Structures are given as C-alpha cells and as structure tokens.
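What follows is one structure encoded as structure tokens, with my remarks underneath.
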Amino acid sequence: MAKKIRIGVVPYMNAKPLIYRLNQHPGSIELSFEVPSLLPAMLKQDQIDAAIIPSIEYFRSGRYAIIPDICISSYEAVESVKIFSRVPIQQIRTAALDKSSLTSCALTKIILHERYHLSPQYTQWDKHDDISQADADAVLVIGDNAMKVSDNGYFTVDLGQAWYEYTGLPFVYAVWVVKKDSRIPGINKLLKDAKEGGMQAVQDLAAIESRRLQLTPERCLRYLTNSIRYNLGAEEIQGLQAFYRYAAALGLAPGGAEIVFNDT
C-alpha cells in the first residue's frame, strides 16, 4: 500500500479553497490542522511532508522549496489580519501580538515601524475571543477571529490595506512548501489542482463557512473571492521579496535568503 502524503494545513476560512478537494483523497492524503506558527516545526521534524507555512518562516528557515502558483495573499484590505487599538495609532506604546501567526507579527512590526515610525513594546497574546482583556494599547488578531471582533470602540488598521498603501504591492501571508531535499512526485500538480477545484466550489465553501463562523454567506463569499487571493504570480512574488527586504532590515529574518521553487 502506497504511503499517504501527510499535509499540514491551517484551520482558517482563508485556506479552505486550497484544501477542500484534498478531502476527496482520504486513501492517499492525511491532513493535519494546526495554527500557522506550529506547522513549520512539524515539517522540520518530518511529522508532515508538505505544509502551508507563514511566509516569514520560509525566509527564516532556508530549508524549504515553494510550490509554484499558489499562495494565500491579499491585494488591499484583507479583513482577517487587523490591529485593534484603544488609542490613536500614532500613540501606540505597547502591542500584544497573536502568537499563532509568525508572518502577521512580522508585518505588524514592519507597518508600525516603517509607516507610523513606531517601535512599541511587544508582548504575546493568545486569548483571541476577548481582546478587551489584553494589557496593551493595541492587539493583533488574525484569521477567523479577526473577522468576528467588532471595530466599535477601537482604532483599527487592516494590515493588508496598510501594506498595499505603503508599497503598492500585494502581501503574501503563506505559501505551500516542502523540504528542499524531499521528492514527492506530483505534489505540485496535486496542490494546484486542489486550488482550482476549491475555487470552483467557492460558493459552497462560503455557505459552509458562514454556518461555522456565524457570518453571512455574502461576507464569506466576498472574503474568499475578493479579500483573499490564491495565485502566486509575478506581483505576489514582488510583494514577497519586498516583505523579506523589510523583515531582514529590521532583523526579523536573516540576510541572503532566496526564493526557490519545488520542481516536482
């Protein structure tokens, strides 16, 4: 019996179009759901064979190859990566970061430093459902939770919008990767076909997610078709490279990293 391909995925709505069709291969694919920050360690320890990982972790590691043509990105507002602040943004002195997302934490530091010229004290935050209890001026919230937190009473920054306004480029939050030395025949086609099949089923996915998250089907469909993008094209690669340059300049990633694509 052929060995199953073990694939690590995030549990958020934004990844559902990428993995929806993978559920149709229970005999050959095993899915493991985890928050973004934990998947790189699982891949490093060979607990999984491929994973959606935070883009910052790709540059920090140096051991992965990117699956071509696929990513989780945004062009302007993303809706699901937001800073909620009790004080005007320019007055932020302390910020609590959602520790489940490495890329969004790095993006927060880049946006606050480069665009707002701020270097607040950062702490970690993991009580996603009640940001009012955070002992900080501002809180970073990601994923499905960010879409459910009310803006009322807070100054907010949509980090996808802030990045686009600052750079004019899309922002890439996560990419599919495998280890550079791994050989998984057909993995590129498998994941690309899954993405294309998921996008064909996006209206069904929006209905499913609206029931799970208690959001309207219209909002979920808008999010999956407009806020989030899934093609890793030339502009997305430019955005990824720009993110790396800013991250490296702030000491958030080592120098000398390059984008390498998987060829199987």
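The values are calculated or read from the model by the stated rules, or taken from the named source; none is laboratory data. Keep in mind the model is a prediction, meaning the values are calculated, not measured. Neighbour counts are summed over all protein chains in view; Cβ atoms, including those assigned to glycine, are modelled from backbone coordinates with ideal geometry.
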- Query: Can you name the condition, by its number, that Leu118 falls short on among (1) under 15 Å from Ala162 (Cα atoms); (2) surrounded by fewer than 17 Cβ atoms within 10 Å (Cβ to Cβ)?
  - Reply: (2)
- Determine if the stretch 47-59 includes at least one residue that is in contact (Cβ under 8 Å) with a residue 60 or more places away in the chain, of a type in the set (D, E, K, R) and touching a strand residue (DSSP E or B) at 6+ places or on another chain (Cβ under 9 Å). yes
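Every residue, every condition in (1) over 27 Å from Gln24 (Cβ atoms); (2) touching a helix residue (DSSP H, G or I) at 6+ places or on another chain (Cβ under 9 Å), yes or no:
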residue: Ala136; (1), (2): yes, no
residue: Asp144; (1), (2): no, yes
residue: Arg219; (1), (2): no, yes
residue: Ser227; (1), (2): no, yes
residue: Tyr230; (1), (2): no, yes
residue: Ala234; (1), (2): yes, no
residue: Phe243; (1), (2): yes, yes
- For the stretch 243-264, which residues satisfy the criterion of being in contact with a His (Cβ under 9 Å, 6 or more places away or on another chain) and either at positive phi or part of a loop (DSSP other than H, G, I, E, B) (or both)? Leu250
- Going by the structure shown, is Ser100 farther than 14 Å from Ala162 by Cβ, at pLDDT below 95 and not in a helix (DSSP H, G or I)? yes
- Query: Counting only residues that are in contact with a Phe, Trp or Tyr (Cβ under 7 Å, 6 or more places away or on another chain) and assigned to a loop (DSSP other than H, G, I, E, B), how many does the stretch 195-242 have?
  - Reply: 1
- Just need a number here: residues in the stretch 7-33 that are under 14 Å from Gly198 (Cα atoms), charged (D, E, K, R) and either over 16 Å from the mean Cα position of the chain (by Cα) or assigned to a strand (DSSP E or B) (or both). 1
- Note on the structure: Those residues of the stretch 230-245 which are of a type outside the set (Asp, Glu), under 20 Å from Lys192 (Cα atoms) and either in contact with a Leu (Cβ under 7 Å, 6 or more places away or on another chain) or crowded, with 21+ Cβ neighbours inside 10 Å (or both) amount to Tyr230, Leu232, Leu240
- Go through the stretch 119-178 and count every residue that is of a type in the set (A, V, I, L, M), more than 11 Å from Lys82 (Cα to Cα) and out of contact with any Gly (no Cβ under 6 Å at 6 or more places or on another chain). 7
- Query: Quick check, is Lys189 part of a helix (DSSP H, G or I), in the same structural domain as His25 (by TED's automatic domain parsing), under 24 Å from Ala15 (Cα atoms) and within 18 Å of the chain's Cα centre (by Cα)?
  - Reply: no
